[in-house]
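The values are calculated or read from the model by the stated rules, or taken from the named source; none is laboratory data. In this text, all values refer to a predicted model and were calculated from it rather than measured experimentally. Cβ coordinates were reconstructed from backbone atoms using ideal geometry, including for glycine residues, and neighbour counts include every protein chain displayed.
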Amino acid sequence: MTFVVKPRIRHPQLPVNDLGLTRRDYEGAVSTLCAGCGHDSVSAAIVAACAELSLPPHRFAKISGIGCSSKTPSYFLNNSHGFNSVHGRMPSVATGANLANRSLYCVGVSGDGDSASIGLGQFAHIVRRRINMVYIVDNNGTYGLTKGQFSATNDRGSTSKKGVPNLYEPIDLVSMALQIGAGFVARSFSGDKKQLVPLIKAALAHPGMAFLDVISPCVAFNNHNGSTKSFDYVRGHSERLMEADFVAPSEEITADYDPGTTENVRLPDGSILRLSKVARDFDVHDRIGALEYVQRSQERGEVATGLLYVDPDAADCHDILGTVETPLNALTEADLCPGEAALERLNESFR
Amino acid sequence: MNVTYNDFVIRFANVNGSGSASANGMFAKALFRMGIPVAARNIFPSNIQGLPTWFEVRVNEQGHLGRREGVDIMVAMNAETYAEDIADIKPGGYLFYDNSKPLAAALRRSDINEIGMPIATLLLPEFSDLKQRGLFKNIVYLGALSALLNIEFEVITGMVAKQYRGKDDLIAPNIHALELGRRYALDYLNGPIEYQVRRSSANGDKILIDGNTAAALGALYGGATVCAWYPITPSTSMAESFERHANALRKDKATGANKFAVIQAEDELAAIGIVIGAGWNGARAFTATSGPGISLMSEFLGLAYFAEIPAVVFDIQRAGPSTGMPTRTQQSDLTAAAYASHGDTRHVLLFPASPKECFDFAAEALDLADRLQTPIIVMSDLELGMNDNVSEPLAWSDERRYDRGKVLDAAALDAAEDFGRYLDVDGDGIGQRTLPGAHPEKGAFFTRGTSRDEYARYTENPEAYQRNMERLERKWTTAAALTPMAEIADGGRRNGILYYGTSAMPMTEALELLQEQGIALDRIRVRGFPFGEEVRDFISRHERVFVVDQNRDGQMRSLLINEGVADPAKLVSVRYYAGLSISADTIRDQVHEHYKAERLPRLKEVGS
């Protein structure tokens, strides 16, 4: 795998935004994820959201952990700095980056393994500290999308029709985020551009922690079938081993449905993802109500999507800490060093 | 009676949580204010209340302030530890205790002097409140000691007034308790005793400060704006001190807003992650931790080494392995810190030996981290970090400017013909970096822990990977020239002694003791890792070099060998790792033992 730079050829008739930039100015390198991967749709939605909001594409810090999802910051906003850090530790790196320069947009991309398993602690703590950022989880672990692989966001028993059922309770990041202080909580589906782009725009506009759980199906799982591959290895079917590296191009999975309705989405393995979109009269300022709604939907075997909760006045970490408006990384000696005279007074206090 | 002035060891044996710490601290501070060099050591349990705790003060006019074996005056205030406390008193020494309850006959020693004082009985009619009675016990013995040792009473009363400023109703009862003790001692106790104090000018303009406070001030002066940490003894007081002093000295005058951010993280992984995120984004950041924290931070330290992010870590070492002895001192994290993380990683270490150096190295570490774009680990320890040490005053020049390293801003990017984050433009192994948001079109790059080429593009190309690793090695050579040089006193003697950190405290005294036995050694105090050429040269021009380590495995000796600086056969390990700080006697004994076993020539034989 190599890094592929997209040719910067601009179609003369591409529409420009308020900054005079086209969609291309917000794109990144060519994705190396599987064709049809939901994560690429999320990247495309980020590009669309930033372009439509006319945000300066270099004023972002893009942070991620490790995993497929964490590779995606390469695939959007090429003119901004990115940091692909340590598995499960994106939140701490994002916290530091945000503390250093509060004037940048901070976008963190993580996965269900990265945030719900190895990084569950850091996820919880960044949410409660209300770092001003958009925290996106490309969630491909729910509803039997990873048969044979037990992701922490899998529902218990949800894969019982095929493969090995998940024996353990799921971790719902949306419920956790609601509980521990996120000022903006939403869930969407990578194939629902109409819902996802506005949600990302709203998240970018939200001052404080904006958490966005995006169900992003893994189109490759039909082909790699984890445990089956292991069986093949044991039986010595080398032909199949070769086959496991081949990933057939798939159609992107999409959904386009109205608020207040339920939509069944057929997944590559033939299973169905039931999405229920919150109604237009849903009260997005009721945190406890949102929590109940999410849990009730889950009980019915549905995934509630849409903007679930927003507190437009929620303080962010800088407000809580009472830091200066000037980014900390822009302060100079004159701002930072108390100087010789103050040190002499300190010395005197130690005599 | 022979009187010894300003030269003794006094140990206070107390129960922790009984309020003894502040009274004992006042004792040490009073002598310091009389101009007498003192070293105070808090030997405390990993516990909040009810366990034995000791506070030892060494008083020495010559400034020999390392730990000394044996106790001249034992203030035994904990009946549970009477047996061991009484056993530690040197023959001819003094036992001061509360004789409200008689001392068991079996504990008595004929070769020491007993000073019994009925402290509890005295307090009974004076203070009705049980808690007050307990607390003032400590103040009463302080008053008695002032009479027995001849401490200037005004110095102590002045300190009480200062300590309780704002809580004025506490001043009078404290002074009363002091006077109670003093008066009783003058009237009834057999004083003054053999050990006396008298005003001195030996302290000059020195200060009495713990290393963690000094390091926190160094970080503050050095421009650290982000501190992320997780509570762990013995490092906690550094982060807390930074926050306290930043609140006093780093507020925006107009708005009162903070020009710093402190986060108490959920664990050490998050603490170092926050530091690395902030360093990546151009803020000076540090964390303070101890051995267990270094273990947890290892993965991130490897990332910062490979992704080349400035970060500063203070490792206030304690006795390991595992939880070890959390409240006892050691220098046992050298190997863990030097090579923290998987793969080929090496980290720059600094070894402060005094509070002044904690201050200097904290500021220096922030400069070095930015210059070298890598983690810098300052290796302090509990002995230095948590105890009050006499130190040269802290110094700063208003002319001093921070070295932010090779950071290209928008103008520099516009002027540059080419930008590649990992291009070795100057041949020193250090690339140029840019900060997020610097320029609309130029300078953006992707930081990762995976391999990349000179333009920060992901690659698994074998040559590109190797080129990068070789450049990191060149950077390591550059680091060797930038880290603080070793301090050397070389009189052309046959053998030498190499030490670092708090082993410096007893070293002058140890060398004097050795001199008395006809053993003269040249000395070198290592202050940084990677080692400079001067370390290699010192070892190569001596036949034998004693390497002093406060750990079991001789970790400094291992580093010297591992880095190819020294022939292993030349390096003789001197080790102490029982959890207290190393004493001059220990150094003398081990060196002496080696001379005896190897039949090495002494001064009178070699005639040098």
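What residue, of A:Ser41, A:Ser70, is modelled with pLDDT of 90 or more and either assigned to a loop (DSSP other than H, G, I, E, B) or crowded, with 24+ Cβ neighbours inside 10 Å (or both)?
Values: A:Ser41 fails: either assigned to a loop (DSSP other than H, G, I, E, B) or crowded, with 24+ Cβ neighbours inside 10 Å (or both).
Residue meeting the stated conditions: A:Ser70.
Under the condition of being out of contact with any Pro (no Cβ under 7 Å at 6 or more places or on another chain) and assigned to a strand (DSSP E or B), which residue from region B:176-209 is nearest to B:Ile73 (Cα to Cα)?
Among residues in region B:176-209 that are out of contact with any Pro (no Cβ under 7 Å at 6 or more places or on another chain) and assigned to a strand (DSSP E or B), the one nearest to B:Ile73 (Cα to Cα) is B:Tyr195.
Please tell me if A:Ala35 is away from every other protein chain (no Cβ under 14 Å), assigned to a helix (DSSP H, G or I) and of a type outside the set (S, T, N, Q).
On the way: away from every other protein chain (no Cβ under 14 Å): yes; assigned to a helix (DSSP H, G or I): no; of a type outside the set (S, T, N, Q): yes.
No, not satisfied.
Restricting attention to region A:44-66, which residues are outside any helix (DSSP H, G or I), crowded, with 24+ Cβ neighbours inside 10 Å and more than 8 Å from chain B (Cβ to nearest Cβ)?
Correct list: A:Lys62, A:Ser64, A:Gly65.
Could you check region B:272-357 for strands (runs of 3 or more DSSP E) lying wholly inside it with 2 or more residues that are β-branched (Val, Ile, Thr)? So that I can check it myself, show each step before the final result.
Numbers: elements: B:285-289, B:311-317, B:348-350.
Strands (runs of 3 or more DSSP E) meeting the threshold: B:285-289, B:311-317.
Just need a number here: residues in region B:30-55 that are within 27 Å of A:Phe350 (Cβ to Cβ) and of a type in the set (Ser, Thr, Tyr).
So the answer is 1.
Within region B:243-287, track down each residue that is over 21 Å from A:Met90 (Cα atoms) and of a type in the set (A, V, I, L, M). Full working, then the answer.
As a first pass, look at region B:243-287 and keep what is over 21 Å from A:Met90 (Cα atoms): B:243-260.
Result: B:Ala246, B:Ala248, B:Leu249, B:Ala254, B:Ala257.
Quick check on region B:395-410. Is at least one of its residues within 13 Å of chain A (Cβ to nearest Cβ), buried (at least 24 other Cβ atoms within 10 Å of the Cβ) and either farther than 24 Å from A:Ala100 by Cβ or within 25 Å of the chain's Cα centre (by Cα) (or both)?
No.
For B:Leu303, are the conditions met, namely being touching a residue at least 12 places away in the same chain (Cβ under 8 Å), within 24 Å of A:Leu343 (Cβ to Cβ), aliphatic (A, V, I, L, M) and at the interface with chain A (Cβ under 8 Å from one of its Cβ atoms)?
Values: touching a residue at least 12 places away in the same chain (Cβ under 8 Å): yes; within 24 Å of A:Leu343 (Cβ to Cβ): no; aliphatic (A, V, I, L, M): yes; at the interface with chain A (Cβ under 8 Å from one of its Cβ atoms): yes.
No, not satisfied.
Give just the number: which of (1) more than 14 Å from B:Ala340 (Cα to Cα); (2) more than 19 Å from the chain's Cα centre (by Cα); (3) in contact (Cβ under 8 Å) with a residue 60 or more places away in the chain does B:Ile316 not satisfy?
Failed condition: (2).
Would you mind finding the one in A:Pro91, A:Pro73 that is within 10 Å of chain B (Cβ to nearest Cβ), free of Cβ contacts under 8 Å to residues at least 60 places away in the same chain and within 25 Å of B:Phe260 (Cα to Cα)? Can you show your working first?
On the way: A:Pro73 fails: within 25 Å of B:Phe260 (Cα to Cα).
After applying the criteria, what remains is A:Pro91.
Taking region B:411-466 on its own, how many of its residues are over 27 Å from A:Thr32 (Cα atoms), surrounded by 16 or more Cβ atoms within 10 Å (Cβ to Cβ) and either hydrophobic (A, V, I, L, M, F, W, C) or touching a strand residue (DSSP E or B) at 6+ places or on another chain (Cβ under 8 Å) (or both)?
Matching residues across region B:411-466 total 5.
Quick check on region B:324-358: of everything there that is among the acidic types (Asp, Glu) and surrounded by 19 or more Cβ atoms within 10 Å (Cβ to Cβ), which residue is nearest to B:Pro231 (Cα to Cα)?
Going residue by residue through region B:324-358, those that are among the acidic types (Asp, Glu) are B:333, B:344, B:357.
Of the ones still in play, those that are also surrounded by 19 or more Cβ atoms within 10 Å (Cβ to Cβ) are B:333, B:357.
Values: B:Asp333: 18, B:Glu357: 23 Å.
The selected residue is B:Asp333.
Please work out which one of (1) without any contact (Cβ under 8 Å) to a residue 60 or more places away in the chain; (2) farther than 17 Å from B:Glu268 by Cβ is the condition B:Ala337 fails and give its number.
Condition (2) is where B:Ala337 drops out.
Exactly one condition in (1) crowded, with 24+ Cβ neighbours inside 10 Å; (2) more than 8 Å from every other protein chain (Cβ to nearest Cβ) is false for B:Leu220; which is it?
In the conditions (1) crowded, with 24+ Cβ neighbours inside 10 Å; (2) more than 8 Å from every other protein chain (Cβ to nearest Cβ), B:Leu220 misses (2) alone.
Among the residues of region B:45-67, which ones are over 19 Å from B:Lys29 (Cα atoms), in contact (Cβ under 8 Å) with a residue 40 or more places away in the chain and not polar (S, T, N, Q)?
B:Pro45
Could you tell me whether any residue of region B:493-502 is in contact (Cβ under 8 Å) with a residue 60 or more places away in the chain, within 20 Å of the chain's Cα centre (by Cα), under 25 Å from B:Tyr577 (Cα atoms) and not in a strand (DSSP E or B)?
Within region B:493-502, one or more residues are in contact (Cβ under 8 Å) with a residue 60 or more places away in the chain, within 20 Å of the chain's Cα centre (by Cα), under 25 Å from B:Tyr577 (Cα atoms) and not in a strand (DSSP E or B).
Looking only at region B:433-462, how many residues end up being over 20 Å from A:Ser103 (Cα atoms), in a loop (DSSP other than H, G, I, E, B), facing chain A (nearest Cβ under 8 Å) and among the aromatic types (Phe, Trp, Tyr)?
Qualifying residue count, region B:433-462: 0.
Answer yes if at least one residue in region B:373-386 is outside any loop (DSSP other than H, G, I, E, B), within 14 Å of chain A (Cβ to nearest Cβ), out of contact with any Cys (no Cβ under 8 Å at 6 or more places or on another chain) and crowded, with 23+ Cβ neighbours inside 10 Å, and no otherwise.
At the first step, the residues of region B:373-386 found to be outside any loop (DSSP other than H, G, I, E, B) are B:375-386.
With the extra rule that they be within 14 Å of chain A (Cβ to nearest Cβ), the set shrinks to B:375.
Add one more test, that the residue is out of contact with any Cys (no Cβ under 8 Å at 6 or more places or on another chain), and what stays is B:375.
Keeping just the survivors that are crowded, with 23+ Cβ neighbours inside 10 Å gives B:375.
Yes; the residues of region B:373-386 include at least one that is outside any loop (DSSP other than H, G, I, E, B), within 14 Å of chain A (Cβ to nearest Cβ), out of contact with any Cys (no Cβ under 8 Å at 6 or more places or on another chain) and crowded, with 23+ Cβ neighbours inside 10 Å.
Inside region B:237-281, can you point out the residues that are surrounded by 24 or more Cβ atoms within 10 Å (Cβ to Cβ), more than 10 Å from chain A (Cβ to nearest Cβ) and over 18 Å from A:Arg129 (Cα atoms)?
If the condition is that a residue be surrounded by 24 or more Cβ atoms within 10 Å (Cβ to Cβ), more than 10 Å from chain A (Cβ to nearest Cβ) and over 18 Å from A:Arg129 (Cα atoms), then B:Met238, B:Ala239, B:Phe242 are the ones that fit.
Identify all residues within region B:162-175 that are within 34 Å of the chain's Cα centre (by Cα) and either part of a loop (DSSP other than H, G, I, E, B) or exposed (fewer than 14 other Cβ atoms within 10 Å of the Cβ) (or both); write none if there are none. Please lay out each step first, then the result.
So the first thing to find is which residues in region B:162-175 are within 34 Å of the chain's Cα centre (by Cα), and the list is B:162-167, B:170-171, B:174-175.
Matches in region B:162-175: B:Lys162, B:Tyr164, B:Arg165, B:Gly166, B:Lys167.
Criterion first (within 30 Å of A:Glu325 (Cα to Cα), away from chain B (no Cβ under 11 Å), modelled with pLDDT of 95 or more and assigned to a strand (DSSP E or B)) does A:Val127 satisfy it?
Numbers: within 30 Å of A:Glu325 (Cα to Cα): yes; away from chain B (no Cβ under 11 Å): yes; modelled with pLDDT of 95 or more: yes; assigned to a strand (DSSP E or B): no.
So A:Val127 fails the test.
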